[in-house]
Structures are given as structure tokens and as C-alpha cells.
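The numbers here are math on the coordinates, done by the rules we state, and not lab data. Quick caveat, the model's predicted, so the values are computed rather than measured. Don't worry about glycine lacking a Cβ; one is built from the backbone with ideal geometry, like all the others, and counts go over all protein chains shown.
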Amino acid sequence: MMNRALESQRTGVRIRFSSRIGGFLLTVILFGVFVSTIYPFVHMMAVSISDPYEVIRNRVSFFPRGFTTVCYRLVLHNKDFLRSYLNTVIYTTVGVLINLTLTVMTAYPLSRAKFPGRKFFSKLIIFTMLFGGGMIPTYLVVMNLGLIDTIWGVVLPVAIGTWNLMILRTAFQGIPSELEEAATIDGCNDFQTLWWVFLPLSKTILLTIGLFYAVGHWNAFFVPFLYLNSKAKYPVQIILRGLLIEGQFSEYASSWSSETIISTTIKYTTVMVTTLPIICIYPFIQKYFTKGVLVGSLKG
């Protein structure tokens with residue numbers, strides 16, 4: 001009996017020791033991931049507010065040297081950049097409104113058992129996740145609809161994300177049917193039931209997929225590049241591409257002796273200005289993010 005007690009105690013000690021070792025290793029790994037994730041952002045921030053002469057000499061790492069906001073002033077006073085920034089805000093706002101409206105209007109009937117052909121239409125929509133129409137056929141459709149070089153050519157081809165639609169449909173399926181029956185007894189039609197019952201109970205998942213859509217529109221490059229011809233309608237990501245790849249710095253370097261001196265600082269400043277809105281919005285939605293994804297994945 002004594003031997004069993006000793007053996008059980010030793011086993012418990014080994015388990016606690018293994019648990020501590022595992023916890024320590026997990027902490028080290030997560031800390032490494034944190035550093036590798038945060039370092040580029042911190043470095044870009046430091047470079048963007050450092051003296052370009054210090055940057056060109058590779059003297060900037062975590063902390064700025066020769067603090068200055070001259071590059072921010074140059075970027076924020078550039079008319080092309082400000083116009084493209086406004087375009088991105090418009091595309092994102094209009095795009096998210098269209099995305100959420102069409103996603104909700106599609107997910108609601110697909111979540112109702114009484115909807116005829118529900119399984120067929122669900123499978124047909126899921127099929128689009130595996131096979132797409134292709135770039136050239138899609139371009140021809142957009143062109144024949146007269147959407148080339150318009151805002152609708154940017155937002156309508158990506159009006160519904162199939163993955164987001166399936167998440168919202170699953171969330172709607174999790175709402176008790178008794179609530180729908182009670183609303184019907186009270187005289188509500190399908191639109192009123194959706195507005196007064198389903199949407200208030202789905203705020204978390206709507207914020208989650210709204211964030212997905214917003215990030216997609218804000219970072220969109222290929223679709224605008226494909227369907228927009230006028231430089232005045234370009235979003236900020238295309239302007240950013242011109243800076244990062246093609247090195248279009250001549251408009252920024254008028255007050256400096258060389259484009260080379262200011263190029264790196266302008267690049268990082270533009271990236272920071274482009275990225276900050278999403279970074280600022282995300283913390284306010286983060287508490288809904290995990291919960292929303294889980295709610296949308298409880299039922300198939």
C-alpha cells in the first residue's frame with residue numbers, strides 16, 4: 001500500500017514537472033512568434049519618424065533617430081495619395097454595405113428548413129469555393145455589363161464571400177425556430193423576422209464577417225488593378241505598389257538632394273499610413289472575433 005502511494009506521488013511530481021516544462025517551452029515559442037510579428041511593425045514605425053539621412057546609413061532599428069515627421073507631411077500632402085486614400089475608404093464602405101446586405105439576404109433563406117431547394121442551392125454555392133469562372137470570363141462579364149473603370153466594377157465582382165456566407169448561414173441555423181414561430185404568430189413577415197429577430201441575435205457574427213470583408217476591400221489590389229483604368233480612381237494599394245516596386249518617389253523628393261535618401265522612409269511611412277486604420281479598428285472588434293467564428297461553426 002505504501003509503495004503504491006509513493007509511486008502515485010512520484011507520478012504526480014513527474015506530471016507537474018512535465019507540465020511546467022511544456023508551459024515554459026510554449027511561452028518561449030509564443031514569445032518568439034510575438035517578437036517576429038511585432039518587430040517589422042516597430043521597425044517600420046521607427047524608420048517612418050526618423051531622419052532619412054540616419055535611415056540611409058542603417059542606424060535605425062527599434063528606436064527612431066533624429067525624430068521628424070517630415071515624411072508624414074510629404075505623404076499626407078500628396079494629392080494623388082490623398083485621392084487614392086479617399087477612394088479606398090469609399091470602396092471599403094460601399095463594398096462592406098453591399099457584402100453584408102447580400103450575404104444576409106442569401107444566408108437567411110438558406111438557413112430555413114422550409115425553403116424549397118435549400119440543399120441544392122447550398123451545394124451550388126459551395127461549388128464556387130472549388131471552381132471559379134476564371135479571370136478572362138469574369139473580365140468579359142464585367143466589361144459587357146459596362147462596369148469597367150467604375151466603383152461597381154471593384155465592389156460587385158466580390159459582392160459575396162462564400163466562406164462568410166456559410167458562416168452566417170450556420171449562425172442563423174443556430175437560432176431557435178421557436179423565435180421565428182413566435183414572430184410569425186405576432187404577424188411578422190420574413191423580412192420583419194429577419195430584421196427584428198435574426199439580425200439583433202447575430203451582431204457578433206455580423207461584426208466578424210464585416211471585419212473580414214473590410215480587410216479584404218482595404219487590402220484589395222488585383223481587382224481594382226484589373227478593372228480600373230483611370231489613375232484618379234485608383235485605391236491606395238495601387239499607389240503603394242508604385243512606391244514599393246516601381247520606385248515612384250520624384251513627387252516626394254523635391255526638398256531633398258536625392259530620391260535615394262528619402263525612398264526607404266517614404267515607403268515605410270506610406271505602409272504605416274495605409275495599415276494604421278485596420279490596426280486601430282481591430283482591437284475594438286477583437287472581443288467579437290473569436291466568439292463570432294465559433295458561433296458560425298457550431299452546426300454544419
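Calculate the length of the line joining the C-alpha centroid of region 21-65 to that of region 188-226, in whole Å.
34 Å
Considering the Cα positions of region 31-121, please state its Rg to one decimal place and its Dmax as a whole number of Å.
Considering region 31-121 through its Cα atoms, Rg and Dmax are 23.4, 69 Å.
Of all chymotrypsin sites (Phe, Trp or Tyr not before Pro) in region 115-170, which ones are in loop regions per DSSP and have a Cβ with at most 10 other Cβ atoms within 10 Å?
In loop regions of region 115-170 (DSSP not H, G, I, E or B), the sparsely surrounded chymotrypsin sites (Phe, Trp or Tyr not before Pro) are Phe131.
For Lys119 paired with Ile56, estimate the spin-label separation in nm (one decimal), with each label point 7 Å from Cα along the Cα-to-Cβ line.
In this crude label model, Lys119 to Ile56 measures out at 7.0 nm.
Residue by residue through region 228-242, what is 3J(HN,Hα) from phi via Karplus (6.51 cos²θ - 1.76 cosθ + 1.60, θ = phi - 60°)? Round to whole Hz and write x for glycine and proline.
9, 10, 8, 5, 5, 9, 5, x, 5, 5, 6, 4, 5, 4, x
Which of the pairs Lys123/Lys203; Lys123/Lys233; Lys203/Lys233 have their Cα atoms more than 31 Å apart in this structure?
Exceeds cut-off: Lys123/Lys233; Lys203/Lys233.
Under the Karplus relation 6.51 cos²θ - 1.76 cosθ + 1.60, θ = phi - 60°, what is the ordered set of whole-Hz ³J(HN,Hα) values for region 207-220, x standing for Gly and Pro?
With coefficients 6.51, -1.76 and 1.60, one gets 5, 5, 6, x, 5, 4, 5, 4, 4, x, 5, 5, 8, 4 Hz.
Hey, rough spin-label estimate for His43 and Met143, points 7 angstrom out along Cα→Cβ, what's it come to in nanometres?
4.2 nm
Considering Cα pairs under 8 angstrom that are at least six residues apart, work out the relative contact order of region 101-162 and quote it in whole percent.
Details: 20 pairs, mean separation 23.8, N = 62.
For region 101-162, the relative contact order is 38 percent.
What's the extension gain from Phe31 to Phe127 if we count 0.36 nm per residue and subtract their Cα-Cα distance?
Details: separation 96, 0.36 × 96 = 34.56 nm, distance 4.02 nm.
Extending this stretch completely gives an extra 30.5 nm.
Provide the per-residue ³J(HN,Hα) series for region 184-191, in order, calculated from phi with Karplus coefficients 6.51, -1.76, 1.60 and θ = phi - 60°, each as a whole number of Hz, with x at glycine and proline positions.
Residue by residue, region 184-191 yields 5, 4, 6, x, 7, 7, 5, 5 Hz.
Can you sort Leu226, Leu86, Leu165 from fewest to most other Cβ atoms within 10 Å of each residue's own Cβ?
By the 10 Å Cβ count, ascending: Leu86, Leu226, Leu165.
Using Cβ contacts closer than 10 Å as the measure, can you line up Met44, Met166 from fewest to most?
Result, fewest neighbours first: Met44, Met166.
Can you compute the modelled spin-label distance between Arg83 and Arg241, with each label point 7 Å from Cα toward Cβ, in nm?
That separation, rounded to one decimal, is 1.8 nm.
Kindly provide the pair-distance distribution of region 70-295 built from C-alpha pairs, with 10 Å bins from 0 and whole-percent values in order of increasing distance.
In whole percents, the pair-distance histogram is 7, 26, 28, 22, 11, 5, 1, 0.
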